[in-house]
1. Given the criterion surrounded by 11 or more Cβ atoms within 10 Å (Cβ to Cβ), part of a helix (DSSP H, G or I) and under 21 Å from the mean Cα position of the chain (by Cα), identify the matching residue among 161, 168.
2. Looking at (1) under 29 Å from residue 41 (Cα atoms); (2) surrounded by 18 or more Cβ atoms within 10 Å (Cβ to Cβ), can you tell me which one residue 149 breaks?
3. Can residue 36 be described as surrounded by 18 or more Cβ atoms within 10 Å (Cβ to Cβ) and outside the structural domain of residue 128 (by TED's automatic domain parsing)?
4. Quick check on residue 143: is it assigned by TED's automatic domain parsing to the domain that holds residue 79 and within 26 Å of residue 80 (Cβ to Cβ)?
5. Within the range 92-114, work out how many residues are modelled with pLDDT of 90 or more and assigned to a helix (DSSP H, G or I).
């Protein structure tokens, strides 16, 4: 007779920072059983393949400012962890490289590319750059703050706006008018 995996047992191990395979080993179950139970209970994954690096104040400001601007947070299911991504045009490559460098502890990846489709307004192929991080459990709270229904700005989000976050937001979305 197989004993059902209890939600409180999974929650305890997840709070202690264990991943699915480690929980399976500790509880004497197979990986697939733990994975299925965690998904059934809607519990987020401690992704040992990704990243659980604690964000610095500087990194938090860069991510918050970017999400207020051109950046976004992506979570592919309610039990998955969150990744950060930001795309800029070719004129801002240096700026996007700066973001990637500041987020390197989050395993950021910077890439430049030329789009494969022509812009119908201009008939040109444009180049851009993207900074992406691996998924990180620390980014989940920001995803939950920003994406209630669609991307939203609440009082709690605004509490994270530091001078650096404001500068990043303006560098992403600001413009100069004569």
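The values are calculated or read from the model by the stated rules, or taken from the named source; none is laboratory data. This is a predicted model, so every value here is computed, not measured. FYI the Cβ positions are ideal-geometry reconstructions off the backbone, even for glycines, and counts take in every protein chain you see.
1. Working: 161 fails: part of a helix (DSSP H, G or I).
Only one candidate passes the filter, namely 168.
2. Among (1) under 29 Å from residue 41 (Cα atoms); (2) surrounded by 18 or more Cβ atoms within 10 Å (Cβ to Cβ), residue 149 violates only (2).
3. Values: surrounded by 18 or more Cβ atoms within 10 Å (Cβ to Cβ): no; outside the structural domain of residue 128 (by TED's automatic domain parsing): yes.
When the stated conditions are applied, residue 36 does not pass them.
4. On the way: assigned by TED's automatic domain parsing to the domain that holds residue 79: yes; within 26 Å of residue 80 (Cβ to Cβ): yes.
For residue 143, the condition - assigned by TED's automatic domain parsing to the domain that holds residue 79 and within 26 Å of residue 80 (Cβ to Cβ) - is met.
5. Matching residues across the range 92-114 total 12.
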